[in-house]
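Peer 1: First, the structure itself, so that you have it in front of you.
What follows draws every value from the coordinates through simple rules; no lab data is involved. Keep in mind it's a predicted model, so treat the numbers as computed, not measured. When we count neighbours, we look across all protein chains shown, and the Cβ atoms used for this are built from the backbone with ideal geometry, even at glycine.
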Amino acid sequence: MSIQVTGIAVGGAVKFREVIEHESDAGPEDHSLYSNRTLSHVSYCQYKQALEDAEETVELWPHWWKGYKKLGNAYTGLRRYEDSISAYKRGLEFDPGNVALRQDLGIAARKAGKLSEAIEYESDAIILAPRNHLLYSNRSLSFAYSGKYEQALEDAKKTVELKPDWWKGYKRLGNAYTGLGRYKEAITAYQRGLEFEPDNKELRQALENAATTAGQFREAFEHESDAFVLVSENHLLYYNRSLSYASFGNYEQALEDAEKTVELKPDWCSGYSILGDAYTGLGRYAEAIDAYKRGLEVDPENIKLRQDLGNAAYRAGKFTEAIEHVSAAIILAPENHLLYYNRSLSYASFGNYDQALEDAEKTVELKSDWWRGYSILGDAYTGLERYAEAIDAYKRGLEVDPENIKLRQDLGNAAYRAGKFTEAIEHVSAAIILAPEDHSLYFNRSLSYASFGLIKQALGDAEKTVELKPDWWIGYGRLGEAYRTLGRYEEAINAYTKGLEFHPKHIEFRQEPGIVVQEAGKSMEAIEQKSEEIKCAPKSPRVYMYKNRSVLYDSLGKYELALEDAKKIVVLQPDWWLGYSRLGDAYKKLEMYEEAIDAYKKGLECDPVRKQLESHLLGAQVRSVISTGRGVVTKAFRSIFWRSSNQVKVLEIGWRIYGGLAAQMLRGVVILDIIDAKRTRIAEDAAVAAVMALERVLANIKAQAVLTSADE
């Protein structure tokens with residue numbers, strides 16, 4: 001694996017220092033390595049180093065919009081907003097329709113106080129991506145900062161409409177209502193958001209603030225300027241206003257009021273708490289850590305301060321420190337499930353999965369109805385390569401939240417690592433139904449299909465991956481591998497070449513087209529050699545030569561020629577089961593399933609106990625049913641899936657075509673319901689899932705000791 005890929009993988013585990021170490025070993029001329037290291041530095045709040053690498057990126061490839069995006073991100077981290085605006089605009093010169101650049105441009109303009117420009121940029125992005133909930137959320141915030149609460153309310157409502165299960169949408173909605181003085185509706189909005197994120201600190205604080213504003217401090221907030229003139233030294237007013245600013249995401253103003261709170265009341269731990277929160281909101285974790293520590297000097301046993309201190313250390317990548325602070329909080333509050341959850345995350349970031357597992361188990365014990373507990377439990381088991389237990393943990397989480405996409409994706413990944421490709425496909429397919437635009441889900445399912453030998457399905461998902469994420473080089477790698485396995489070498493070369501457009505300096509990736517050309521060339525040479533041998537050979541040896549050439553044609557995707565040679569085999573030797581096997585395989589590749597069934601049956605007449613023919617016959621019958629929407633698979637077969645002398649039969653496998661989508665198992669009978677006879681993609685996926693369910697049917701029969709003799 002290349003240096004860059006190693007860096008990315010480590011970055012996924014949030015080990016930012018290791019990412020930087022890996023990527024620092026890279027060659028000096030690869031712009032993508034500097035780009036990746038920029039991300040690593042940003043994640044570690046090392047914005048000066050990030051800026052250096054971003055500048056190197058655009059110097060090496062001055063026409064790449066992503067380089068300017070990274071440059072703008074670095075400037076934003078340094079609060080050099082004018083420079084970040086210029087960088088994003090430079091990127092738009094090379095990709096005028098780039099939504100991500102316009103989104104970041106709006107954020108930078110808002111942070112620079114240029115609210116009108118921010119709204120303009122965000123409006124342009126919405127025109128390009130009118131179904132992107134994040135854009136409406138951002139513009140709602142800009143409108144709110146501008147005091148245009150009616151427009152903020154409209155965008156907040158649109159955010160919730162597009163993403164009804166996103167807590168931040170309800171936060172925006174509540175903030176807009178608060179700005180309009182409609183506190184009851186604001187409270188309702190915040191409460192709705194808490195249904196999706198019950199432990200969300202921002203929502204809880206916003207809810208508390210709205211309730212306070214509607215009650216005791218309502219007059220002060222409605223006439224804020226007069227109140228501060230009359231009671232300018234009241235630390236509570238600054239404290240409450242800091243909370244209000246933070247609930248809007250306006251952390252700059254929240255920080256000013258938090259600093260004033262601490263100045264007026266330096267012996268009050270809550271002042272240091274909101275000071276740390278404001279710094280955390282700004283991504284200034286070192287200062288947040290310092291603020292929380294100052295609060296603990298006032299109140300050493302304050303659980304919230306210790307918990308927030310641990311979270312800030314975790315975000316700063318200081319996992320040892322995070323564990324220490326959360327451990328101290330656990331001593332004070334041993335029944336708080338959030339503390340064990342946070343410490344489990346920190347342990348996992350260290351790769352210390354044994355401790356992560358202990359804390360995850362404690363989290364589930366204390367909060368058995370919280371899906372996140374089962375998520376970290378599954379992650380810990382996965383880290384320990386105890387995949388069966390990881391699968392069980394994720395499934396228990398799905399009992400709490402059946403539509404949770406993360407759990408289903410992680411469940412599929414665990415099943416894949418365990419070699420349970422059938423199960424992996426089922427779980428990722430369920431996740432795709434919930435998130436049909438997530439390219440990573442199709443990528444993962446393509447891997448599982450390929451591992452299961454379902455290459456056509458693997459190809460379909462690889463094609464969907466690049467359709468959804470056309471600038472992702474890894475997707476083209478998966479596509480090229482699928483084409484290559486099918487012997488479609490020219491298309492494989494095109495896929496790899498396309499991927500190189502997005503990652504031109506990946507060393508291993510650059511070698512793939514040449515390897516494919518070599519493989520294709522060798523196959524053609526072998527075919528030419530076999531053709532010459534056939535011309536010179538007597539009748540009997542020709543049978544084997546036709547068989548070998550048929551296999552070679554098959555590997556190149558030349559199925560008609562493979563079929564011609566297979567027909568010659570059975571003409572020359574009509575009592576040879578392998579000839580009919582080759583003939584059936586060729587028909588099946590051409591989707592001529594009835595002819596394939598006849599060929600396999602003739603082969604079984606020659607050799608009635610040949611397991612390979614029984615298996616292929618079953619597959620052809622199933623595919624025939626799937627393709628036509630009718631028929632019954634009646635062929636009994638032996639213990640194909642087990643290494644056992646026991647003979648097991650499924651006497652009948654019935655297929656029913658209805659309007660639903662399900663694969664059911666009952667006493668050895670598999671019932672497949674697909675959408676309709678039009679064979680849409682989802683119907684085909686359902687059919688494949690049901691075919692693979694046969695394996696579990698047989699296992700179920702075996703477990704019940706339902707055994708029959710071979711002659712039954």
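Peer 1: For segment 268-351, state which GluC sites (Glu not before Pro) are in a DSSP loop and have at most 15 other beta carbons lying within 10 Å of their beta carbon.
Peer 2: In loop regions of segment 268-351 (DSSP not H, G, I, E or B), the sparsely surrounded GluC sites (Glu not before Pro) are GLU301, GLU335.
Peer 1: To continue, here is another question. For PHE196 paired with GLN355, estimate the spin-label separation in nm (one decimal), with each label point 7 Å from Cα along the Cα-to-Cβ line.
Peer 2: According to this spin-label approximation, the distance is 3.5 nm.
Peer 1: With the Cα gyration tensor of segment 131-199 giving a ≥ b ≥ c as the square roots of its eigenvalues, does the rule (a/c under 1.5 for rounded; else a/b larger than b/c for prolate; else oblate) give rounded, prolate or oblate?
Peer 2: oblate
Peer 1: Got a sec to turn the phi values of segment 259-264 into Karplus ³J(HN,Hα) couplings, 6.51 cos²θ - 1.76 cosθ + 1.60 with θ = phi - 60°, whole Hz, x for Gly and Pro?
Peer 2: Karplus-based 3J(HN,Hα) across segment 259-264 equals 4, 5, 4, 5, 4, 6 Hz.
Peer 1: Next question, about the same structure. Just check segment 56-107 against the gyration tensor rule for me: Cα atoms, a ≥ b ≥ c as the square roots of the eigenvalues, rounded for a/c under 1.5, and otherwise prolate or oblate depending on whether a/b exceeds b/c. Don't skip to the answer; put the middle values down first.
Peer 2: Details: a/c = 2.12, a/b = 1.13, b/c = 1.87.
It comes out oblate by the Cα gyration axes.
Peer 1: About its Cα centre, how strong a charge dipole does segment 537-627 have in debye, to the nearest 20, once Lys and Arg get +1 and Asp and Glu get -1 at the Cβ?
Peer 2: For segment 537-627, the charge dipole is close to 300 debye.
Peer 1: Can you pull out the GluC sites (Glu not before Pro) in segment 367-458 whose DSSP state is coil and whose Cβ has at most 12 other Cβ atoms within 10 Å?
Peer 2: The qualifying sites are GLU385, GLU437.
Peer 1: Mind putting a number on the dipole of segment 131-199 about its Cα centre? Charges go on the C-beta only, +1 for Lys and Arg and -1 for Asp and Glu, and I need it in Debye to the nearest 20.
Peer 2: I would put it at about 200 debye.
Peer 1: Rounded to two decimals, what ratio of Rg to Rh does segment 265-401 give with C-alpha atoms and a Kirkwood Rh?
Peer 2: Taking Rg over the Kirkwood Rh, I get 1.04.
Peer 1: Would you please give the FRET efficiency between SER615 and LYS293, computed as 1/(1 + (r/R0)^6) with r the Cβ-Cβ distance and R0 = 60 Å, to the nearest 0.05?
Peer 2: With R0 = 60 Å, the Cβ-Cβ based efficiency is 0.35.
Peer 1: May I pose another question? Is the C-alpha gyration tensor of segment 537-627 telling us rounded, prolate or oblate? Criteria: a/c under 1.5 is rounded; beyond that, a/b larger than b/c is prolate, otherwise oblate.
Peer 2: Here segment 537-627 falls in the oblate category.
Peer 1: For SER123 and SER531 in one chain, what is 0.36 nm times their gap in residues minus the Cα-Cα distance, to one decimal in nm?
Peer 2: Contour length minus the Cα-Cα distance gives 140.3 nm.
Peer 1: A 23 angstrom limit on the alpha carbon distance is what I want to check against. Which of LYS171/LYS265; LYS456/LYS568; LYS69/LYS158; LYS168/LYS265; LYS48/LYS69 exceed it?
Peer 2: Cα-Cα > 23 Å for LYS171/LYS265; LYS456/LYS568; LYS69/LYS158; LYS168/LYS265; rest within.
Peer 1: Got a sec? Charge dipole of segment 43-183, +1 on Cβ for Lys and Arg, -1 for Asp and Glu; which of LEU180, THR57, TYR47 is way out at the positive end?
Peer 2: LEU180
Peer 1: From the cross-link list LYS157/LYS304; LYS201/LYS260; LYS362/LYS420; LYS588/LYS611; LYS70/LYS114, which pairs have alpha carbons spaced over 25 Å apart?
Peer 2: Result: LYS157/LYS304; LYS362/LYS420 exceed 25 Å.
Peer 1: Related question: Work out the charge dipole of segment 230-325 with +1 on the Cβ of Lys and Arg and -1 on the Cβ of Asp and Glu about the Cα centre, then indicate which of ASN234, THR320, LEU309 is farthest towards its positive end.
Peer 2: THR320
Peer 1: Whole Å is fine, so just give me how far the alpha carbon centre of segment 289-354 lies from that of segment 552-608.
Peer 2: 66
Peer 1: Which ordering of LYS70, LYS89 is given by a fewest-first count of other beta-carbon atoms within 10 Å?
Peer 2: Placing the least packed residue first, the sequence is LYS89, LYS70.
Peer 1: Picking from LEU407, TYR449, ILE433, whose Cα lies most toward the positive end of the charge dipole for segment 403-479 (charges on Cβ: Lys, Arg +1; Asp, Glu -1)?
Peer 2: Sorting the options by dipole projection puts first TYR449.
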